[in-house]
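First comes the structure, then the notes that go with it.
The values are calculated or read from the model by the stated rules, or taken from the named source; none is laboratory data. None of these values were measured; they are calculated from a predicted model. Cβ atoms come from the backbone with ideal geometry, glycine included; neighbour counts cover every protein chain shown. Note: areas computed on protein heavy atoms with side chains; ligands, DNA, RNA excluded. Shrake-Rupley method; radii C 1.70, N 1.55, O 1.52, S 1.80 Å.
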Amino acid sequence: MKRMKKKIVFADFVEYNDPSSKLGNYHYCNAYVKDGYEALWVSNSFNQLIYLKNRQDYEFKKSISAAARHELAPHIYGFAAYAWRLYGNYAFSRKAKIALHQEKYILPNAYKSLRAMRFDEVDTLWISNPKLYWLTNVVKYERLVYRMADDYAKFKEFPNIEAIEGRLMNKADLILVTSAKLMDKVRDGGRVPHLVSNGVQFDFFHSSAPHEPEEYKISKRPKIVYVGAIKYWLDVELIERLAAAVDADIYLIGHVEADLSRLEAFPNVHILGARAYTSIPAYLKHANVAIIPFKKNEATDAVSPIKLYEYCSAGIAVVTSDMEEVKRTEAPVHVARNAGDFMEAVRRYLKEGYDSSSLIEFGRENSWDKRYEAVRAIFDNA
């Protein structure tokens, strides 16, 4: 009798085929498929409220909401559930019970949709997005994995998230975390965490030989680059002070979801917005220094920044704010004690240069391939 293909469901915040963002679960999903699995990528639930916020996002989710297989890539399928009631930080939506039992609000019936897609019974249910807890109520799984990549309780987007996370941690067979701070959080909840930090698609960032981006050609000055989310944890004041202190151009790449108006007065600050993931190596390899200018708080201390590994793999010098997890990695980068130290380190790298060999080796040792091996070893020993 022919053995059925193994199956895994990923529940994440970001779409699998987001052109500008390829976070950890994207790489884990691809690794599982390479190992012979079929994967279902479940997106955030949606309704007309999402249409008002982001029409493109609404239209995509609608296109993968029917009870059928929607192929995103070979052996990878997508699904977004239409729910007449959503959980989130807006009126009448903040109660944890909405996320805990959202299957009650999903149309058509969530279980029947998953059964039609042949993902009602799976080997592994892998949840990184607590908002999709409802999947644990309708999917039959052999193993439930909760992969915690941020301290969601510190983010304003997730009201009453502690109750949802607590239920998910209690229910999970294995809990993966990406930072030491998150290990402490899981232990405080009485569970055993497994630390597997974020990683990098090393060959992609190291071996690419891209042409200089067009935006870089307008100036001959040295270039400082930031790539990542531009949200309320970005230290805009620090970037403002850096812009005033250096004879260099600063390029900010990422979806803009923060007020950057105070940077408009600086002709050497270029806000590019999101760029395709495939183009990011070019922006790194043709820059002089890469930065991680985050505010210092409990949320950022719990972050394992993927950009750290991507920057290093590209062989570019890195200056970062004082972040606990970055210090724990002992990466060959400059972790600034304060704003003055941050600016001085950038100026020093611009003036004196740096040896990229240790940076590249750090990236090589932290590839997603190695992370996947570590995860499979944890599963094998569980």
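Could you work out what % of the accessible surface of region 21-84 is carbon and sulfur, using a 1.4 angstrom probe and leaving DNA, RNA and ligands out of the count?
Percent of accessible area from carbon and sulfur atoms in region 21-84: 52.
Which order, highest average first, do 173-185, 217-229 follow once you tally other Cβ atoms within 10 Å for each residue and take the mean per peptide?
Ranked from most to least packed, the peptides come out as 173-185, 217-229.
Could you give each residue of region 294-304 its phi-based ³J(HN,Hα) in whole Hz, using Karplus coefficients 6.51, -1.76, 1.60 with θ = phi - 60°, and x for Gly or Pro?
So the J values, rounded to whole Hz, are 9, 5, 8, 7, 5, 5, 6, 5, 8, 8, 9.
About its Cα centre, what dipole magnitude does the chain give when the only charges are +1 on Lys and Arg Cβ and -1 on Asp and Glu Cβ, stated in debye to the nearest 20?
For the chain, the charge dipole is close to 1320 debye.
With θ set to phi - 60° and the Karplus curve 6.51 cos²θ - 1.76 cosθ + 1.60, what are the ³J(HN,Hα) couplings of region 363-370 in order, to the nearest whole Hz, using x for Gly and Pro?
Each residue's phi maps through the Karplus curve to give x, 4, 7, 10, 6, 5, 4, 5 Hz.
Compute the accessible area per residue over region 7-84, keeping the other protein chains in place, probe 1.4 Å, unit Å².
On a per-residue basis, region 7-84 sits at 43 Å².
In terms of the ratio Rg/(2.2 N^0.38 Å) built on C-alpha atoms, what value belongs to region 101-191?
Rg over 2.2 N^0.38 Å, computed on Cα atoms: 1.14.
Which FRET efficiency, nearest 0.05, do ASP184 and ASP341 yield, Cβ-Cβ r, R0 41 Å?
0.95
Run the 1.4 Å probe and let me know the accessible area of HIS75, rounded to the nearest 10 Å².
Accessible area of HIS75: about 80 Å².
Rounded to the nearest 500, what is the 222 nm mean residue ellipticity of the chain from helices alone, with -39500 (n - 2.57) per DSSP H run of 4+ residues and division by all residues?
Details: 17 runs with 138 residues, N = 382.
Helix-only estimate at 222 nm: -10000 deg cm²/dmol.
What does the charge dipole of region 1-104 about its Cα centre add up to, to the nearest 20 debye, if the Cβ of each Lys and Arg holds +1 and the Cβ of each Asp and Glu holds -1?
It comes to approximately 380 debye.
Taking the alpha-carbon distance from LYS61 and a cut-off under 17 Å, which lysines remain once sequence neighbours fewer than 8 residues away in the same chain are dropped?
LYS53, LYS131
Determine ³J(HN,Hα), in whole Hz, for all residues of region 217-229 in sequence, where each value follows from phi through the Karplus function 6.51 cos²θ - 1.76 cosθ + 1.60 and θ = phi - 60°; x replaces Gly and Pro.
6, 7, 9, 9, 6, x, 10, 10, 10, 10, 10, x, 5
Probe of 1.4 angstrom, ligands and nucleic acids ignored: what's the accessible area per residue over region 123-271, in square angstrom? Don't skip to the answer; put the middle values down first.
On the way: 6300 Å² over 149 residues.
That works out to 42 Å² per residue.
Return a whole-number percent for the relative contact order of the chain, with Cα pairs under 8 Å and 6 or more residues apart as the contact set.
14
Which residue fluctuates the most in the chain, going by a Gaussian network model with Cα springs under 10 Å, if the choices are GLY24, GLY199, GLY340?
Residue with maximal mean-square fluctuation among GLY24, GLY199, GLY340: GLY340.
Computing the accessible area with a 1.4 Å probe over protein heavy atoms, can you report the carbon and sulfur percentage for region 223-324? Spell out each step's value before the answer.
Values: 1570 of 3300 Å².
That fraction is 48 percent.
TYR372: accessible area at probe 1.4 Å, nearest 10 Å²?
30
Using Cα pairs closer than 8 Å and at least 6 residues apart in sequence, work out the relative contact order for region 273-366, in percent.
Relative contact order for region 273-366 comes out at 30 percent.
Looking at region 161-306, how many pairs of lysines come closer than 27 Å at the Cα, when each pair is eight or more places apart or spans two chains?
Lysine pairs satisfying the spacing and distance rule in region 161-306 number 18.
So, with +1 on the Cβ of K and R and -1 on the Cβ of D and E, and no other charges, what is the size of the charge dipole of region 167-207 about its Cα centre, to the nearest 20 debye?
280
With the cut-off at 1.5 for a/c, could you classify region 227-368 from its C-alpha gyration tensor as rounded, prolate or oblate?
Here region 227-368 falls in the rounded category.
Going by amide H atoms built from the backbone, whose H comes under 5 Å of the H on HIS255, apart from near neighbours?
Distant-sequence amide H within range of HIS255: ILE230, ALA274.
In region 57-160, what trypsin sites (Lys or Arg not before Pro) fall in a loop by DSSP, with at most 12 other Cβ atoms inside 10 Å?
LYS156
For a quick check of understanding: with a 1.4 angstrom probe and all protein chains in place, what accessible area in square angstrom does GLU103 have, to the nearest ten?
40
Report, in whole Å, the centroid distance computed from the Cα atoms of region 162-200 and region 14-81.
24
Among ILE106, ALA248, ALA172, flag the residue with its Cα farthest along the positive direction of the charge dipole of the chain, charges on Cβ as +1 for Lys/Arg and -1 for Asp/Glu.
About the Cα centre, the residue reaching furthest to the positive side is ILE106.
Against the longest alpha carbon principal axis of the chain, how many degrees, from 0 to 90 and to the nearest 10, is the axis of helix 236-245 turned?
20
Before anything else, pin down the relative contact order of region 16-84: Cα pairs under 8 Å, at least 6 apart, normalised by residue count, whole percent.
Over region 16-84, the number comes to 36 percent.
Please give every one of the aspartates and glutamates within straight-line cross-link reach of LYS154, meaning a C-alpha to C-alpha distance under 12 Å, and leave out same-chain neighbours fewer than 8 residues apart.
Hits, sequence-local ones excluded: GLU162, GLU298, ASP301.
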